[in-house]
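Single-structure report; data block below.
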Amino acid sequence: MSKQDDLSKGTPDAPESGLSRRRFMGAAALAGVAGATGLGATMMTRESFAAAAREAKNKIHIEPGELDEYYGFWSGGHQGEVRVLGVPSMRELMRIPVFNIDSATGWGITDESKEILGRDKLYPNGDCHHPHVSMEDGRYDGKYLFINDKANSRIARIRLDVFKTDKVTHIPNVQAIHGLRLQKVPRTNYVFCNAEFVIPQPNDGSDYSLENSYTMFTAVDAETMEVAWQVIVDGNLDNTDADYTGKYAASTCYNSEKAVDLAGTMRNDRDWVVVFNVERIEAAVKAGNFKTIGDSDVPVVDGRKGSTVTRYIPVPKNPHGLNTSPDGKYFIANGKLSPTVSIIAIDRLDDLFDDKIGDRDPIVAEPELGLGPLHTTFDGRGNAYTTLFIDSQVAKWNIADAIKHYNGEDVNYIRQKLDVHYQPGHNHASLTESRDADGKWLVVLSKFSKDRFLPVGPLHAENDQLIDISGEEMKLVHDGPAFAEPHDCILVRRDQIRTKKIWERNDPYFAATRAMAEKDGVNLESDSKVIRDGNKVRVYMTSVAPQFGLLEFKVKEGDEVTVVVTNLDSIEDVTHGFCMVNHGVSMEISPQQTASVTFTAGKPGVYWYYCNWFCHALHMEMGGRMLVEKA
Ligand code: K7E
Ligand code: CUA
Ligand code: CA
């Protein structure tokens, strides 16, 4: 057994059987991909590994009552939410429902959330992958978090002062928003969204042919959340990132073949990275060089090959992640089916767009890293960290040395390879998408956990591993089980997020509910009363622990009942709930918040409502009765 094999068990205490499972996984994942790389990895003895791991583990122990240094925002994958973790403790702090329906907070149940989700398209599911925090001059400004929904072609914005989703935008003309990134400079004016699947244009059943099928790159105005413009591309779009000048964004394409079958998507030796020239696209829109499609009035610019607004850089087949280095110099496209990554020099893109250089000339290196490179992240000290899905490793490598090697110098650019458990997708270093990349922590999001946790049946947790990258060597310090399926996360310094402790009464989140109350002559801050309007009944009540403003109200069977609760408590943490028994109604009302919910009154009889967020010693006693009479 080689030292490399010995280390593959991850920790010195891991059971012997871990090795055979690793080998099995590796062999299974390798099927269909030829060749292996034998690049030198840093070797450590069992003893030095154990000592290093012990030292690093002390760093992640956050004493009870102490606070973490970073907020981590995790996507919830096809579970549809965003999760907030403290890093380095990896303690889960909060969940933010986005595309899912949430019983605890009433997301997808309350009137406010339905309005945000769009009443005509209340999908019960979502598939979020890529959470990103808004920026000002290439630094996180802590205002918003944006995230995609691949399942229903949407994007959402979360306010980071209250940790609530406040806007959801349905992207027209495309299917499956996958890659999502933000403009970094001068600030996040645009949210860039990649649509993955090609569809007929227009997609109205008049034509099913692939010739008239294509997909688009979309820019959404980050403030209004309205779609600014779209660009038609050749091939498909996978992941994307933006540069530090505000001029360029780039996306990987794995399906230049426009195939609809697996073998077809791997036919070409090379696919490409599409580079978008934001200035030229804006100019085209301004000059009226666009069309609109169907009933959407979004300007659609043609960016297919030969267009002035895009360039197509050939890279090895089926690339996946696209990552901008924090020094602003490079776009890095991750090879997936190729053991390499392609390093694109951003300062050569002006010449590429002016046709002064060839389409492969912006590539300054294509270092070989190992099998299945998916995503790359950075420590701000010139090193990159790339996940190797098939090898179940993270490769730490030096960008400058990789470029020297490409130019014929005899240097080893690989710094270390670390086993992770198992099959990693994204990895993400602290502050890595900003100029402040600080090279302290690395999170590796592994798709398989195998034997790392107590067994829980056929469905396994995933494994988000925390790695200390502050020194020369990467040190694995924590295994974090996660429910399906956090593709990606982002780590933000805690001082970059400024949250409100309680709601402000004039918050736009419930402005529409306030307007409705004003029309009814109701003062939300003091009144508890019932307004009948035909078969619609609006029930307004306050809540002060441990009592609702109304002990009972009467409605008729089949009435459309809207209950509006205003929490007058202003003490931090005193959140109330409103749950109407046997009506599928439940919601959160945090201090100084107003929330409302609309439902149809059931069969005649008595229905209790109660507070379902523990708020007081007499929380159990906080309730009332809805009396439903015969219609
Ligand atoms: Cu899973 Cu970023 Cu959608 Cu790669 S993506 S792994
Ligand atoms: Cu109010 Cu529990
Ligand atoms: Ca391909």
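The values are calculated or read from the model by the stated rules, or taken from the named source; none is laboratory data. If you're wondering where the values come from, they're calculated on a predicted model, not measured in any experiment. Cβ coordinates were reconstructed from backbone atoms using ideal geometry, including for glycine residues, and neighbour counts include every protein chain displayed. Keep in mind that these areas ignore ligands, DNA and RNA; they rest on the heavy atoms of the full protein, side chains included. Shrake-Rupley method; radii C 1.70, N 1.55, O 1.52, S 1.80 Å.
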- prompt: Given the structure, is Thr245 within 28 Å of Pro186 (Cβ to Cβ), polar (S, T, N, Q) and part of a loop (DSSP other than H, G, I, E, B)?
  reply: yes
The residue that is nearest to the chain's Cα centre (by Cα), considering only those in the stretch 134-157 that are aliphatic (A, V, I, L, M) and either within 16 Å of ligand 1 (Cβ to nearest atom) or surrounded by fewer than 24 Cβ atoms within 10 Å (Cβ to Cβ) (or both), is Ile147
Residues in the stretch 251-288 that are within 16 Å of ligand 1 (Cβ to nearest atom), buried (at least 22 other Cβ atoms within 10 Å of the Cβ) and outside any loop (DSSP other than H, G, I, E, B) total 5
Test: residue in the stretch 283-290 that is polar (S, T, N, Q) and within 13 Å of ligand 3 (Cβ to nearest atom):
no
Going by the structure shown, is Met135 within 29 Å of Pro481 (Cα to Cα) and hydrophobic (A, V, I, L, M, F, W, C)? no
Apart from one, (1) without any contact (Cβ under 8 Å) to a residue 60 or more places away in the chain; (2) away from ligand 1 (no atom under 16 Å from the Cβ) all hold for Gly335; the odd one out is (2)
Residue set Asn383, Asn398; condition touching a strand residue (DSSP E or B) at 6+ places or on another chain (Cβ under 9 Å) and either open to solvent by less than 10 Å² (accessible area, probe 1.4 Å) or within 17 Å of Lys475 (Cβ to Cβ) (or both); output residue Asn383
For the stretch 143-195 the number of residues that are assigned to a strand (DSSP E or B) and hydrophobic (A, V, I, L, M, F, W, C) is 15
By residue number, the members of the stretch 550-573 that are touching a His at 6+ places or on another chain (Cβ under 9 Å) and outside any loop (DSSP other than H, G, I, E, B) are Val561, Val565, Asn567
Inspect the stretch 208-217 for any residue being at pLDDT 95 or above, under 19 Å from the mean Cα position of the chain (by Cα) and away from ligand 3 (no atom under 16 Å from the Cβ) and give the result as yes or no.
yes
Among residues of the stretch 329-349 being in a loop (DSSP other than H, G, I, E, B) and either of a type in the set (Ser, Thr, Tyr) or over 22 Å from the mean Cα position of the chain (by Cα) (or both), the residue surrounded by the fewest Cβ atoms within 10 Å (Cβ to Cβ) is Lys329
Inset, instruction - Please work out if Tyr248 is open to solvent by 30 Å² or more (accessible area, probe 1.4 Å), among the aromatic types (Phe, Trp, Tyr), touching a residue at least 12 places away in the same chain (Cβ under 8 Å) and touching a helix residue (DSSP H, G or I) at 6+ places or on another chain (Cβ under 8 Å). - result: no
- Item | Test result for Val198, open to solvent by 20 Å² or more (accessible area, probe 1.4 Å), in contact (Cβ under 8 Å) with a residue 60 or more places away in the chain and among the hydrophobic types (A, V, I, L, M, F, W, C) | yes
Selection from the stretch 435-449 of residues buried (at least 24 other Cβ atoms within 10 Å of the Cβ) and not aromatic (Phe, Trp, Tyr) yields Leu442, Val443, Val444, Leu445, Ser446
Residue pairs within 9 Å by beta carbon, gap of at least six or interchain, first lying in the stretch 450-478 and under 19 Å from Arg381 (Cβ atoms) and open to solvent by 50 Å² or more (accessible area, probe 1.4 Å), second of a type in the set (D, E, K, R) and in a strand (DSSP E or B), listed first then second, are Glu472/Arg415; Glu473/Lys396; Glu473/Arg415
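Yes/no per residue for (1) within 38 Å of the chain's Cα centre (by Cα); (2) open to solvent by 20 Å² or more (accessible area, probe 1.4 Å):
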| position | (1), (2) |
| --- | --- |
| Val539 | yes, no |
| Leu551 | no, yes |
| Val555 | no, no |
| Asp559 | no, no |
Taking the stretch 299-317 and the residues there that are part of a loop (DSSP other than H, G, I, E, B) and open to solvent by 10 Å² or more (accessible area, probe 1.4 Å), the one that is farthest from ligand 2 (Cβ to nearest atom) would be Gly306
